[in-house]
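Structure first, then comments.
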């Protein structure tokens with residue numbers, strides 16, 4: 001459930017610049033584990049004009065405290081170096097990373113202890129996700145079904161072991177469907193803390209969101225501003241005329257509107273930018289609220305044709 005208090009969890013998240021941001025709200029994803037509701041991603045394809053280290057250092061200096069990376073991104077060493085160079089205390093940062101997929105109980109323990117933690121230069125991570133539900137990623141998203149069930153269960157057990165060892169504070173998944181999440185619930189009598197999926201204006205699975213809400217799993221959004229997307233997913237540009245018109249009524253940017261639409265629905269966006277201006281905009285996206293009517297309007301928005309998207 002969402003925290004009922006506005007505060008600066010995991011360190012101060014109030015901007016020490018002319019643009020004043022409200023403290024970033026958090027969501028309690030596990031007992032005593034509070035995750036800030038806005039993350040900075042370290043996928044290199046999202047950071048085209050700066051290094052991963054520079055993007056993260058800027059985010060931390062501006063008050064952001066939630067970082068997202070993955071084994072498959074190849075950026076865990078960059079994230080670790082950026083944390084060290086930032087001067088921000090480790091305990092003030094909420095750090096998420098991902099293992100590739102269902103790799104088994106002992107293999108995941110070996111990977112986290114011998115690769116993940118040393119690359120990040122930390123003793124623990126706040127949240128560790130299974131990146132994909134399929135043993136063979138070429139089977140994703142439609143063909144892994146029962147095929148990887150035992151591997152998913154074994155891998156979850158390994159993550160549970162690591163949590164007991166104090167190396168992980170919370171365990172979650174990424175790109176899981178409702179049935180794959182239900183496997184975890186049935187086997188372990190607990191739901192994943194988080195399910196990180198592709199989620200943006202043109203691609204939001206409300207049935208999945210309702211299912212995750214029912215079991216107590218927080219939904220997190222990659223491609224939260226529709227780029228880069230995967231599997232040829234449709235997109236609504238931040239230059240879309242309809243989105244621009246709505247943003248102008250709030251005196252906000254289109255990115256702020258889309259991020260606020262997500263957070264008001266209880267979805268935690270992962271964003272990334274090399275621009276200080278855009279980073280500030282992301283961090284101040286909690287400074288306003290969309291009306292229920294405008295949330296519903298955005299829910300129903302469909303991709304426009306190319307000519308209508310840029311005016």
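Inspection of the stretch 14-31 finds a residue satisfying the criterion of being out of contact with any strand residue (DSSP E or B) (no Cβ under 6 Å at 6 or more places or on another chain) and at pLDDT 95 or above. Looking across the stretch 216-238, the residues that are over 20 Å from residue 70 (Cβ atoms) and touching a residue at least 60 places away in the same chain (Cβ under 8 Å) come down to 234, 235, 236, 237. Of all residues in the stretch 27-54, those that are closer than 19 Å to residue 259 by Cα and more than 13 Å from the chain's Cα centre (by Cα) total 2.
This table checks each residue for (1) assigned to a helix (DSSP H, G or I); (2) within 19 Å of the chain's Cα centre (by Cα); (3) within 14 Å of residue 270 (Cα to Cα).
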site	(1), (2), (3)
59	yes, yes, yes
63	no, yes, no
81	yes, no, no
85	yes, no, no
102	no, no, no
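With respect to the conditions (1) closer than 21 Å to residue 30 by Cα; (2) surrounded by fewer than 18 Cβ atoms within 10 Å (Cβ to Cβ), residue 118 lacks only one, and its number is (1).
If you check residue 24 against the conditions, is it under 16 Å from the mean Cα position of the chain (by Cα), in a loop (DSSP other than H, G, I, E, B) and under 18 Å from residue 279 (Cβ atoms)? For residue 24, the condition - under 16 Å from the mean Cα position of the chain (by Cα), in a loop (DSSP other than H, G, I, E, B) and under 18 Å from residue 279 (Cβ atoms) - is met.
Return yes or no: is residue 123 in a helix (DSSP H, G or I) and more than 20 Å from residue 43 (Cβ to Cβ)? Break it down stepwise before answering.
On the way: in a helix (DSSP H, G or I): no; more than 20 Å from residue 43 (Cβ to Cβ): yes.
Taking the combined requirement at face value, the residue does not satisfy it.
Residue count for the stretch 162-177 under the criterion of being over 16 Å from residue 93 (Cα atoms) and either in contact (Cβ under 8 Å) with a residue 12 or more places away in the chain or in contact with a helix residue (DSSP H, G or I) (Cβ under 9 Å, 6 or more places away or on another chain) (or both): the result is 10.
The values are calculated or read from the model by the stated rules, or taken from the named source; none is laboratory data. Predicted model, so just to flag it, every value in this text is computed and none were measured. Note that we place each Cβ from the backbone using ideal geometry, even for glycine, and neighbour counts take in every protein chain shown.
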